[in-house]
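The values are calculated or read from the model by the stated rules, or taken from the named source; none is laboratory data. Predicted model only: the values in this text are computed from it and were never measured. With ideal geometry, Cβ positions are generated from the backbone for all residues, glycine too; neighbour counts draw on all protein chains shown. Accessible surface is based on the protein model in full, side chains and every heavy atom, while ligands, DNA and RNA are left aside. Shrake-Rupley method; radii C 1.70, N 1.55, O 1.52, S 1.80 Å.
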Amino acid sequence: MLSPKSRRRALGSALALAVVLPLAIGATSVATAAPDAGVHKADPVNTRPTDGVLYRQSFNDLAKNLQARSNDPEITDGTVGFTHTAPKGWAVENDDSMAGVGVDEWRGWSFTTRDFWVDAEDQMRNRFARADNVMAVADSDEFADRNNAPHNFKTTLSSEEIKVTGESAIELSFDSHYRGWKGQSASVTVEFDGSGKQQEILRYDSSSVKDGYDGSVINANETVAVDVPEGAKKAVFRWNFEAEANSWYWAIDSVSVRQALPEAAEDPTSAWVVSDIQGQPQDLAHAFTDLNAVRPDAAGLLMVGDIVASGSEAQWADINKVMDESASIIPDTVAAAIGNHESYTGEPFEVLRDRFLAFAERDRVWDEYVLEGAGGEVPVLVLGQESQRPPEVPMSAEQIDWLKERLAHWTKQGKQVLVISHFPLGDTASASWIPWYHNSYEHNDQLTGILGDYPNAVMLNGHTHYPFELGDWAAQRRTDGGHPDGFWAVNTGAVQVEWDARGEDTAGINEIVTRDINRGLTVDVYKDRLVIEGRDFGVAGAGGTNDVNSVVRSVTIPNPLAK
């Protein structure tokens, strides 16, 4: 008879083999040479009629209107990248005192690119990594740099009329990058059918946002539920920004309005997610206990890399001991991804990789698992490093071709897909805007382009140890030529310690360890959505906060394929 541990591992391997082996037999490409690292081109699934989105505005059509630098003293003459021409149906209204003074580029709401904006000055502007090509910016700081800018910077950006006929509730979603200052405020209002009555649905000011720097509203997404009055046909949204001279800024992008999701009608298929354990087996065991307390019927355990500190046999023995002792509560299917700390002993990479594979009970670093539960099948695609670094994640054409094929397969089935890989892709979740996290993958741009075609893809990444409290804990990443909703990337936190960034400018950024933590995720997958909760388990051991088992953040990601 199999031991509980062996039975658990055998079930996970059986699921993986049942799905993967037939694909290997019928695969059309088994090349091992590096794939073309150019921009991915494909015919993405057309989800627009079925995903509940009523309206989208990316501002990207304004790219053809972008002008050269006018009088910003920090931007090189001839650099192209701003316009005050709003999208069709949209409007900008500025306070009269702003006319003819200040820096031309930043007079009221401007439409610009991230590069152009950062050229004016970084000061955390570059951290708006969600920005997709052209975005809208209100910047009182840069406006005040010349020509006797007025004491009051006041500007409003209004949307066109958006049809909401027949809807009782909608959700406004937009990417937001806000840096506050004393006396500064920002708000969003909605007006229905030209009534003249504006309802405030979101507000930032010194009472709700920490002045100077508040990571929760930097590189963030705002999704606001709005009730639609009975019989209303059209809605107009307004983004209002007001500040004293030389305060800070607000940037927005990727505005959408969608039908509000109803209450979930069924139980989900659930998973536990942990990463970056790095020599903390006590905390891992405690995390398992807390996860079991909230999701005892989970279908899978996803371990997103850095399971050990350096990859020694003794460290793997410590982890296997925790797995054995927790076997009665751990879900039957365990899917593990390789991280950088799995190969730091100085031994040959092949030796260290094989220790990981022995733990994962696979014969390659990438694979597929299918979780089974009340919410139906949940595919999990595992990606990983195939050979010695650098780069951090070398990947073969075979692995990338397999990813494309499996994403296409599950998209045809109408499924949301979890993709787990230790490193974040550039400009996705927490800290991936920092240079040393930005290009960890050998084929970063190609992978980002592939995933950008699949709005049903959700990538879970560890490595950075960054706080769940940050605005970019979960990020929707859009790509040139990809689906307008892009894909989601979510930071898995860490079982070990927490890191964070310090510094005004990306070029001089540094990182510090902020505290000891023990954090992970739960994922609940329904037919029409998945819900990810960033959870705090408390630190195990003497003096630890063992009574903590709480939700720090939560994000609901609709299934764009659900009908």
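In table form, for the structure just shown:
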quantity: Carbon and sulfur %, accessible surface of the range 458-538 computed with the full protein complex present, 1.4 Å; calculated: 49
quantity: Extension gain from VAL101 to ARG515, taking 0.36 nm per residue of separation minus the Cα-Cα distance; calculated: 144.4 nm
quantity: Semi-axis lengths, Å, the range 446-504, gyration tensor of Cα atoms, sqrt of 5 times eigenvalues; calculated: 25, 12, 9
quantity: The range 51-118, accessible surface, carbon-and-sulfur percent (1.4 angstrom probe); calculated: 44
quantity: Solvent-accessible area per residue for the range 402-536 (1.4 angstrom probe, square angstrom); calculated: 26
quantity: Residues listed by number, the range 235-255, amide nitrogen under 16 Å from LEU66 label point at 7 Å toward C-beta; calculated: 252-254
quantity: Per residue accessible area in Å² of the range 167-210, where ligands, DNA and RNA are left out and the probe is 1.4 Å; calculated: 45
quantity: Residue-wise HN-Hα coupling along the range 243-257, computed from phi with Karplus coefficients 6.51, -1.76, 1.60 (Hz; x: Gly, Pro); calculated: 7, 6, 4, 6, 8, 10, 8, 8, 10, 9, 7, 6, 7, 9, 10
quantity: Helix 397-412 vs. the chain, principal-axis angle (Cα, 0 to 90°, nearest 10); calculated: 70
quantity: Computed over the range 164-266, Kirkwood Rh from alpha-carbon pairs, angstrom; calculated: 14.9
quantity: Accessible solvent surface per residue of the range 278-319, calculated while the other protein chains remain in place, 1.4 angstrom probe, Å²; calculated: 33
quantity: With DNA, RNA and ligands ignored, accessible area of VAL351 (1.4 Å probe; Å², nearest 10); calculated: 60
quantity: Which of VAL351, GLY375, PRO394, positive extreme of dipole for the range 337-441 (C-beta unit charges); calculated: GLY375
quantity: Listed residue (ASN148, VAL92, ALA68) projecting farthest to the positive dipole end of the range 58-183, Cβ model; calculated: VAL92
quantity: Kirkwood hydrodynamic radius (C-alpha pairs) into Stokes-Einstein, the range 357-509, 10 °C and 1.306 mPa s, D in µm²/s; calculated: 98
quantity: Dmax and Rg, reported as Rg then Dmax, of the chain (C-alpha, Å); calculated: 24.2, 83
quantity: Members of LYS233/LYS412; LYS163/LYS404; LYS321/LYS412; LYS234/LYS563; LYS234/LYS404; LYS210/LYS527 lying beyond 32 Å, as alpha-carbon distances in this model show; calculated: LYS233/LYS412; LYS163/LYS404; LYS321/LYS412; LYS234/LYS404; LYS210/LYS527
quantity: Mean residue ellipticity (222 nm) of the chain, computed from DSSP H runs ≥ 4 via -39,500 (n - 2.57), nearest 500; calculated: -5500 deg cm²/dmol
quantity: Kirkwood hydrodynamic radius (C-alpha pairs) into Stokes-Einstein, the range 355-446, 4 °C and 1.567 mPa s, D in µm²/s; calculated: 89
quantity: Low-density loop positions, GluC sites (Glu not before Pro), the range 149-243 - DSSP coil, at most 10 other Cβ in 10 Å; calculated: GLU230
quantity: Protein accessible area in the range 279-405, 1.4 Å probe - carbon and sulfur %; calculated: 48
quantity: Between helix 313-325 and the chain: long-axis angle, C-alpha atoms, 0 to 90°, nearest 10; calculated: 90
quantity: Gain on full stretching of the segment that runs from GLU347 to ALA225 - 0.36 nm per residue minus C-alpha separation; calculated: 38.6 nm
quantity: Difference of contour (0.36 nm per residue) and Cα-Cα distance, SER206 to ASP297; calculated: 28.5 nm
quantity: Only Lys, Arg (+1) and Asp, Glu (-1) charged, at Cβ; the range 405-563 dipole about Cα centre in debye; calculated: 680
quantity: Given charges at beta-carbon only (K, R positive; D, E negative), |dipole| of the chain in Debye; calculated: 1100
